[in-house]
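Here is the structure we will look at.
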Amino acid sequence: MDLRVVVLTGAGVSADSGHPTFRGHGGLWEGRAVAEVATPEAWARDPELVWRFYQERRQLLASSSPNPAHFALADLEERLGELGVAFSLVTQNVDDLHARAGSAAIHIHGELSVLRCEVCGEKVRDLDHLDPAAFFPCPECGHRAMRPDVVWFGEMPNRVEDVFRQVGNASHFLSVGTSGTVYPAAGLLQLARDAGAKTFVSSLDEPENLSMDDAYFPGRAAEVLPELCELILRQLSR
Ligand code: APR
């Protein structure tokens, strides 16, 4: 089997940068119905509410920084590259912290820093227009309100076939900071096991899709990942 390391990250990796996770205590969905703010129907029904919710998250993004977990993954990517080992980082997160730490991430749930026009398809990378009360008009067609280029419930995640193919050919798979509850991303761990990959899981709370076959490293990603990435590198450097 060719050596290929695939990493999947979730909200727990950005928690140590001050970004609330979705589930669990203090989570984004706590006290707020997902259907109110993260579905195409919500956007059609109450675009002002949805826009306020996402502008709050975009403001937080503009004032946050990558943490040691992001840097450990960027370092792993670089050092595996030097060893000639294929690497890809798939993230469920819509923040830009992996990129700012130096990783090239596949954003299967989209990106908060990108706005998209539903009329003409124009995309704009912008973290300057953060006023919750002012929509961002499309610079191309003039449509009054561009939407966040994130994948809402009921919409198809990005690059699913490409990601499934990569995980299906992985020799090592690391799932970090995700509750393992939202599919198809939560199915990647089983796909990796079925492909014969060595599977590593790290999260603060035990993920729903954890199995006895996985090497499990509980804890905060900012504390666990630097050592866990070294362990994976040692295994691959033999
Ligand atoms: N370090 C590591 N893991 C952490 C930390 C931390 N500091 N803090 C929390 N966690 C763990 C929690 O134990 C939980 O397992 O991160 C996970 C967060 O789970 P969720 O909030 O469900 O986030 P995630 O799994 O990324 O959600 C998947 O659901 O709502 C949709 O599109 C949204 O991409 C998101 C998807």
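None of the figures in this text is laboratory data; all of them are computed from the coordinates on show. No experiment lies behind these values; they were computed from the predicted model shown. Positions of Cβ are backbone-derived with ideal geometry, glycine not excepted, and every protein chain shown enters the neighbour counts.
Computed over the chain, the convex hull of the alpha-carbon atoms projects to a mean area of 12.8 nm². Just checking the listed ones, His107, His25, His172: in the Gaussian network model of the chain with Cα springs under 10 Å, the one fluctuating most is His25.
FRET efficiency for the pair Glu223 and Ser65, taken as 1/(1 + (r/R0)^6) with r the Cβ-Cβ distance and R0 = 25 Å, rounds to 0.90. In a simple Cβ point-charge model (Lys, Arg +1; Asp, Glu -1; nothing else charged), region 152-238 has a dipole of about 340 debye relative to its Cα centre.
Go through Ser203, Asn158, Leu127 and say which Cα lies farthest out towards the positive end of the charge dipole of the chain; charges sit on Cβ, +1 for Lys and Arg, -1 for Asp and Glu. Looking along the dipole axis, the top candidate is Asn158.
In the chain, taking the dipole from charged Cβ atoms about the Cα centre, the farthest positive-side position among Gly187, Leu225, Gln235 is held by Gln235.
In this Cβ point-charge picture (+1 for Lys and Arg, -1 for Asp and Glu), region 73-204 has a dipole of about 380 debye about its Cα centre. Taking the empirical scaling 2.2 N^0.38 Å for compact globular proteins as reference, region 55-155 has a Cα radius of gyration ratio of 1.24.
Based on the reciprocal of the average 1/r between different C-alpha atoms, the Kirkwood radius for region 159-217 equals 11.3 Å.
Dividing the C-alpha radius of gyration of region 18-99 by 2.2 N^0.38 Å, with N its residue count, gives 1.42.
With a simple spin-label model that places each label point 7 Å from the Cα along the Cα-to-Cβ direction, the separation between Cys120 and Met156 comes to 2.5 nm.
Compactness of region 140-238 was expressed as the Cα radius of gyration divided by 2.2 N^0.38 Å, which yields 1.32. Length gained on full extension, Tyr183 to Phe164, computed as 0.36 nm times the residue gap minus the Cα-Cα distance: 5.6 nm.
When the chain is treated as a GNM with alpha-carbon contacts under 10 Å, the residue of Met146, Met156, Met212 showing the greatest mean-square fluctuation is Met212. Helix by helix through the chain, keep the DSSP H runs that span 20 Å or more along the axis on Cα and average at least 0.5 on Kyte-Doolittle, and give those back in order. Correct list, ordered by number: 221-237.
Of the residues Ser175, Ser14, Ser64, the one that moves most in a GNM of the chain with alpha-carbon contacts below 10 Å is Ser64. Normalised by residue number, the volume inside the convex hull of the Cα atoms of region 109-171 is 120 Å³ per residue.
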